[in-house]
Structure formats: structure tokens, C-alpha cells
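Presented below is the structure to which this report refers.
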């Protein structure tokens, strides 16, 4: 990035809710991104942002900031929330957010595989499943412009809940240790997204940044509640 690019309205998008840390930048039609694995994201998130901004731009040049507000690691979610709050307050940056559920739903919805599945299953729902902790999982289902309330459930309760859903289901996400949901659910009656779609893509973050606006829940994190606390 040899020249200053503020005239092209820099958009910066961040997913620090889980590993790897994903940071994407958009200026005009160009997108650049960096993914970095590691548990202490707070130690290198600003270095990654600076690298993407380049020598002739800085954090005050960001016109729009988009971040994922959960579910995921508590510290990671707070990183995105803190940066958004600072930029909004001190730089008047336009900020917006979405959940990991939203991102994976978006990636599934506009895939050719889901289009084929939905063509044969008119009432199909997209189910986003994410491994949470030990034998517990996150789940949210989507149908058109509506979605069900996200839940955090044990593996046993999750599978019981899924069996009660009458709509044909198309799954996207991952099981424990990034395992496939097809192996996890052991059923051929469902549709499953390709593995390449089951991770947060930088281009999706930028796409959602451009269509998502600040609302009353933008700075409200999504932590959910552990399944053992529900009882």
C-alpha cells in the first residue's frame, strides 16, 4: 500500500471471537487480510491491524469497523467490543457487528450446494452448529429472513433438539477439534456444507460490513449461557 487510501473509505473487519484471529481491510474494490493463530490475541491484534493499514494510514483513517460479537472466547469477544467502542467514541467511526452464526449462515445461504439442497427441500432450514466447550455446542437455525433463538446445549441435548426439528436441515459449522458435522451427526438425511465454507472468510466479513449498520445491539456481546447453568 504505497499511498494513503482514506479517500477510498477504509473498512476494517475483525473476528477475534475465536482462533484464528482474522482481520480484513477493504479500500475501494481491494481486500487484504491476515489470519493468525494463537491464544493471546490481545498481544498481536494491533500489530496485525497496523500491518494491513500500511505506513501511510493509521487507525484514525478507518471509516467503518465491523466485528464479530460472539459466541466464542470471552477475552476475544471483549477485544472486538473494546476496539469498536473506542473507534466510535474517539474517531466517530461507523461501527457494526454480527455473530459467528450470521457469518456462517450467510456463507451457506449463497453457496451452490445449499441452492441445490433447497431446490429439492422447499422448507429447508440452515443450522449453524459450533463446538463450544468439552461436550457442549452452540446452535442457531435460520429460515429465510427469520431465525430461532441461539442455544448452548450438551451434545446429548443438541442431538435431541435437532431430531425434533421437522424441516429439512442443511448444516454448516464444526464439531469438536474442527471435526465434520456429517461424522458428528452420523446421518445422511441432512445436507452439509463443504469444509471450506465452515470457517469465517475475510471476504464475508467485508461483505457483511458493507450491508450491516449500527443498531441498538451492535455493542452488545453474545456470550450465551452454558448448558449446565440452564438447569
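Selection over segment 57-83 of residues that are farther than 30 Å from residue 134 by Cα and either touching a strand residue (DSSP E or B) at 6+ places or on another chain (Cβ under 6 Å) or not assigned by TED's automatic domain parsing to the domain that holds residue 214 (or both) gives a count of 5. When you look at residue 187, is it surrounded by 14 or more Cβ atoms within 10 Å (Cβ to Cβ) and over 22 Å from residue 18 (Cα atoms), yes or no? Judged against the criteria, residue 187 is a match.
Residues in segment 5-56 that are in contact with a strand residue (DSSP E or B) (Cβ under 9 Å, 6 or more places away or on another chain) and assigned to a strand (DSSP E or B): 19 in all. Is at least one residue of segment 109-127 closer than 26 Å to residue 178 by Cβ and either within 13 Å of the chain's Cα centre (by Cα) or modelled with pLDDT under 95 (or both)? Scanning segment 109-127, I find no residue that is closer than 26 Å to residue 178 by Cβ and either within 13 Å of the chain's Cα centre (by Cα) or modelled with pLDDT under 95 (or both), so the answer is no. If the condition is being more than 12 Å from the chain's Cα centre (by Cα) and part of a loop (DSSP other than H, G, I, E, B), then segment 59-108 contributes 73, 91, 92, 93.
Please report, ordered by residue number, the helices (runs of 4 or more DSSP H) entirely within segment 127-215 with at least 1 residues that are in the same structural domain as residue 29 (by TED's automatic domain parsing).
Numbers: elements: 155-164, 181-185, 202-211.
Of the helices (runs of 4 or more DSSP H) lying wholly inside segment 127-215, those with at least 1 residues that are in the same structural domain as residue 29 (by TED's automatic domain parsing) span 202-211.
Taking segment 143-164 as the range and being touching a residue at least 40 places away in the same chain (Cβ under 8 Å) and closer than 22 Å to residue 103 by Cα as the test, the residues that pass are 147, 150, 151, 152, 153.
The values are calculated or read from the model by the stated rules, or taken from the named source; none is laboratory data. The model shown is predicted, which means the values in this text are computed figures rather than measured ones. Don't worry about glycine lacking a Cβ; one is built from the backbone with ideal geometry, like all the others, and counts go over all protein chains shown.
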